[in-house]
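What follows is a single structure, written as structure tokens, with notes after it.
Only the coordinates and a few stated rules stand behind these numbers; no lab work does. On a predicted model such as this, the values are computed, not experimentally measured, just so you know. Neighbour counts are summed over all protein chains in view; Cβ atoms, including those assigned to glycine, are modelled from backbone coordinates with ideal geometry.
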Amino acid sequence: MLTPPSPRVVITSYGARWNDPPRHPAATLLLDVSDRLWDPAAFAETGDLVPLTGLDAAVRDHVLGSPEAARIVEETGHDVLALLAARVPELPVHLHVHCWYGRHRAVAVSEAVGDWLAARDVPADVRHRHLARPFIHRDPSVSETCGFCLIVAGRAPATLVRAWDDAVAVEPPQPATAGHVLVIPRRHVANATDDPVITAATMGRAAELAAEAQHGLSLSTSQDAPATHTTTPRHLHIALIPHGTARAGTTRVHDGTSNMAGVTGVEPAASGFGDRRSGL
Ligand SMILES: [Zn+2]
């Protein structure tokens with residue numbers, strides 16, 4: 001009895017956020033779709049798809065409906081074939097495909113490239129490394145009710161201190177002292193322990209800001225804020241609180257107007273967050 005030949009192409013999807021990429025001793029092809037293709041978690045209209053995965057037809061159709069999808073799949077398929085032709089026969093070609101969480105886009109694209117190759121009589125072993133990881137995607141329904149998500153989306157007023165691609169710094173509605181600032185990730189994460197990579201990135205932004213302050217300060221965050229903290233949303237934030245008596249505004253290094261991309265409608269008003277009942 002003949003044993004089936006081992007696959008000469010191995011495709012592995014994964015999520016870059018987990019800091020746990022697949023590794024192989026030889027060179028691999030790497031396809032990054034983390035900022036390309038439609039992400040079901042990015043749109044309120046596709047919120048129903050978020051709990052599903054790239055193995056589900058509805059997610060796959062959504063992701064592969066992106067304008068770039070067909071070209072990405074085809075070009076990647078050709079790259080795999082070219083490398084396969086150049087490799088010694090006994091060594092498989094590895095293709096790694098990643099998005100942020102390895103649940104929707106990377107899975108759908110990996111399957112599509114596998115199908116593209118199978119249609120050309122090149123069977124591929126398609127593996128999904130992070131499908132079983134905890135579910136921490138942005139939930140569009142949460143984004144509608146979370147005060148910090150509304151600020152990040154520019155739909156609630158806030159006094160902006162700094163804006164980055166992945167986080168913003170704002171003044172809290174009830175500052176503990178002058179110079180009290182909150183650094184908030186743009187993606188909704190409830191607790192500091194939910195997504196260690198987002199927590200680390202947000203802490204990194206807080207440290208950048210803290211390094212510019214003219215005084216000592218504490219950087220702190222929390223896990224499961226008490227329910228009594230009704231004015232603070234359960235959206236991860238790093239608090240920068242100056243030690244002792246701070247001079248007003250000493251952490252407000254500049255007004256951030258040159259790097260406010262993605263934040264609109266933010267009011268640099270002295271009233272802080274405005275109406276907390278609606279904003280927070
Ligand atoms: Zn939020």
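Of note:
- The set of residues in the stretch 175-208 that are of a type in the set (D, E) and crowded, with 19+ Cβ neighbours inside 10 Å contains only D195.
- Set E45, E90, E74, E111: member being assigned to a helix (DSSP H, G or I), over 26 Å from A192 (Cα atoms) and free of Cβ contacts under 8 Å to residues at least 12 places away in the same chain: E45
- Remark: pairs (first residue in the stretch 187-207, within 14 Å of the ligand (Cβ to nearest atom); second residue assigned to a helix (DSSP H, G or I); Cβ separation under 6 Å; 6+ apart in sequence or on different chains) = H188/V142; H188/S143; H188/C149; V189/I198; A192/T199.
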